Amino acid sequence: MKRNAVLRERLRHAEARLRRVETEMVQLRQLVRELSGSARATAVNSSIPPSANPPGAPTPRTKKPTGGTPGGQLGHEGHFRQLLPAQEVDEVVEHGPPVRCRFCGAMLPVESDREVVGRHQVMELPARAVRVAEHRALACRCGRCGRENAGTIPEAVRSRSTGPRLSAAVAMMACHFRGSRRCVERLVGEVLGAPLSLGSVVAREREMGQALGGPYEEVLGAVRRARVKHVDETSWRRAAHWLFAAASAVASAFALAHARTYGALKQLLGETVRGTLCTDRFGIYDRHPLERRAVCWAHLKRDFQRCVDRGGASARVGEAGLAVCRRVFALWRELRGGSLSRSGLRERVEPLRRRMHALLLRGTRCGVKKTAGFCRNVLRVEVALWRFAEVPGLEPTNNAAERALRPAVLWRKQSLGSHSRAGCRFVEQILSVTATLRRRGRKVLDYLEAALAAHRLGQPPPSVFAP
């Protein structure tokens with residue numbers, strides 16, 4: 001009996017040691033998987049672009065070929081170039097009817113009623129697309145005293161070398177087409193035939209920034225008053241480090257800040273942040289009341305994919321989470337397509353809500369440290385996941401803010417940021433005004449010209465939201 005007791009005690013210790021070894025093996029396998037790259041951040045499971053994928057990362061998924069031919073398909077609605085109105089045409093070339101009738105061969109009368117049966121417009125860029133007005137100061141000599149009396153060119157004329165429309169085009173090229181100042185200088189000189197110095201390009205940007213002070217505040221006010229806002233941020237360089245963007249249903253506003261903090265966000269949205277914010281799960285947004293916050297499902301989907309890539313118990317959590325994400329996006333497509341009402345959406349997300357809650361609780365106990373931490377993080381903002389089903393105008397993703405930031409990201413990569421506070425101010429103003437004008441379907445150049453002309457005359461600028 002004594003020998004049996006000793007053997008049972010040894011067996012108990014061996015089983016405990018085996019469990020510890022197995023636990024350590026699971027942890028070491030997870031560590032090897034992360035270090036070897038299978039669970040590293042890629043374009044599939046994180047927000048990094050495909051161009052920044054690490055070596056050995058899986059190839060981004062592409063759509064399966066449909067088997068159809070490239071280009072427009074049979075039956076699709078065509079998109080054609082719109083002809084300019086007749087009053088905007090600079091030259092008309094008429095091609096008369098034939099001399100003889102194409103049907104009976106009889107001579108056609110020279111003088112007869114003719115009608116236009118076809119129009120085709122050919123556009124060409126002239127050798128110099130700008131009109132140059134030269135101001136001359138004249139002088140004459142007095143017949144009585146013999147002294148010369150010279151005229152003077154007004155200071156308002158001498159202070160600038162470009163008119164409002166060309167100045168607006170220079171500012172628009174820098175932002176809207178994301179060119180560097182030297183590229184703008186070459187484009188204006190070689191394509192438009194208007195030789196400008198690099199300093200003139202900078203001066204035009206500075207003047208446009210002064211003209212857009214009022215319109216920028218108008219856009220800011222519209223975004224701050226909006227009931228729903230999609231908010232995101234991206235890095236900037238030199239004089240400021242972060243660019244915040246807020247997109248509402250009618251406008252998009254931008255603001256540069258030195259830090260990625262909630263205080264910096266208030267510079268954009270005001271001291272009292274109003275409305276419902278759709279954001280990612282970055283920590284600064286936790287300062288906003290949870291009952292007026294929505295969380296992006298696209299970020300959540302990438303994080304669940306990251307869980308799948310970790311393997312083991314984490315993979316089971318990630319696969320279940322991806323299934324919920326797919327169902328949420330399917331319901332949203334039905335709502336946008338008109339086959340599902342808002343009340344129907346709220347009713348059909350309830351089972352998904354319970355399913356997600358149980359999944360997150362299970363994930364906190366999965367044994368994989370990073371996956372458990374991710375699940376705890378999502379549980380803190382769980383109610384914000386389903387806000388899109390309750391608030392009209394709110395989307396389940398933060399795509400609106402990311403689309404608004406995209407032009408700014410491309411501009412930053414090419415221009416290398418801003419070196420001065422004045423440059424930062426110009427970035428905020430031109431991005432906000434042009435993005436809002438495009439959302440309203442208005443011509444950017446026409447508005448910039450009108451705002452600059454009003455600024456030069458000391459008059460208030462036109463409204464960004466005018467029809």
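Readers should treat all values here as calculations from the given coordinates under stated rules, not as data from a laboratory. In this text, all values refer to a predicted model and were calculated from it rather than measured experimentally. FYI the Cβ positions are ideal-geometry reconstructions off the backbone, even for glycines, and counts take in every protein chain you see.
I want the antiparallel fraction of DSSP beta bridges within the chain, as a percent rounded to 5.
Around 70 percent of the beta bridges assigned by DSSP in the chain are antiparallel ones.
If we sort 248-254, 92-98 on the protection proxy, mean other Cβ atoms within 10 Å, highest first, what's the order?
My ranking of the peptides, most packed first, is 248-254, 92-98.
Please compute, over every Cα-Cα pair in segment 378-441, the percentage with a separation greater than 19 angstrom.
Here the long-distance tail beyond 19 Å is 52 percent of all Cα pairs in segment 378-441.
Calculate, in nm to one decimal, what ARG362 and GLU382 gain on full extension: separation in residues at 0.36 nm each, minus their alpha carbon distance.
Length difference between fully extended and current span is 5.8 nm.
Rounded to the nearest 10 degrees, what's the angle between the helix 312-337 long axis and the longest principal axis of the chain, both from Cα atoms, 0 to 90?
Orientation of helix 312-337: about 40 degrees from the principal axis.
For the chain, what is the Kirkwood estimate of the hydrodynamic radius, computed as the reciprocal of the mean inverse distance between distinct Cα atoms, to one decimal in Å?
With all distinct Cα pairs of the chain included, I get 28.2 Å.
How many times 2.2 N^0.38 Å is the alpha carbon radius of gyration of segment 284-413?
Details: Rg = 15.7 Å, N = 130, 2.2 N^0.38 = 14.0 Å.
Relative to the rule-of-thumb radius for its length, segment 284-413 sits at 1.12.
Starting from the Cα of LYS369, draw a straight line to each of the lysines and keep only those under 24 Å, dropping any in the same chain fewer than 8 residues away.
Qualifying lysines at Cα under 24 Å: LYS301.
For helix 421-439, report the angle its Cα long axis makes with the longest principal axis of the Cα atoms of the chain; keep it between 0 and 90° and round to the nearest 10°.
The helix 421-439 is inclined about 90 degrees to the chain.
Can you work out D for segment 84-133 in µm² s⁻¹ from Stokes-Einstein, where Rh is the Kirkwood radius over C-alpha pairs, the temperature is 20 °C and the viscosity is 1.002 mPa s?
146 µm²/s
Could you sort 151-164, 317-330 so that the peptide with the highest average Cβ count within 10 Å comes first and the rest follow in order?
317-330, 151-164
Once each part is reduced to its C-alpha centroid, what is the distance from segment 80-142 to segment 396-421 in angstrom?
Taking the Cα centre of segment 396-421 as reference, the centre of segment 80-142 is 43 Å away.
FRET efficiency for SER463 and ARG158, Cβ-Cβ distance as r, R0 = 25 Å, nearest 0.05? Kindly include the intermediate steps, with their values, before the conclusion.
Working: r = 31 Å, r/R0 = 1.26.
The computed FRET efficiency comes out at 0.20.
Return one number: the angle in degrees, 0 to 90 and rounded to the nearest 10, between the long axis of the Cα atoms of helix 399-415 and the longest principal axis of the Cα atoms of the chain.
Its long axis makes an angle of about 60 degrees.
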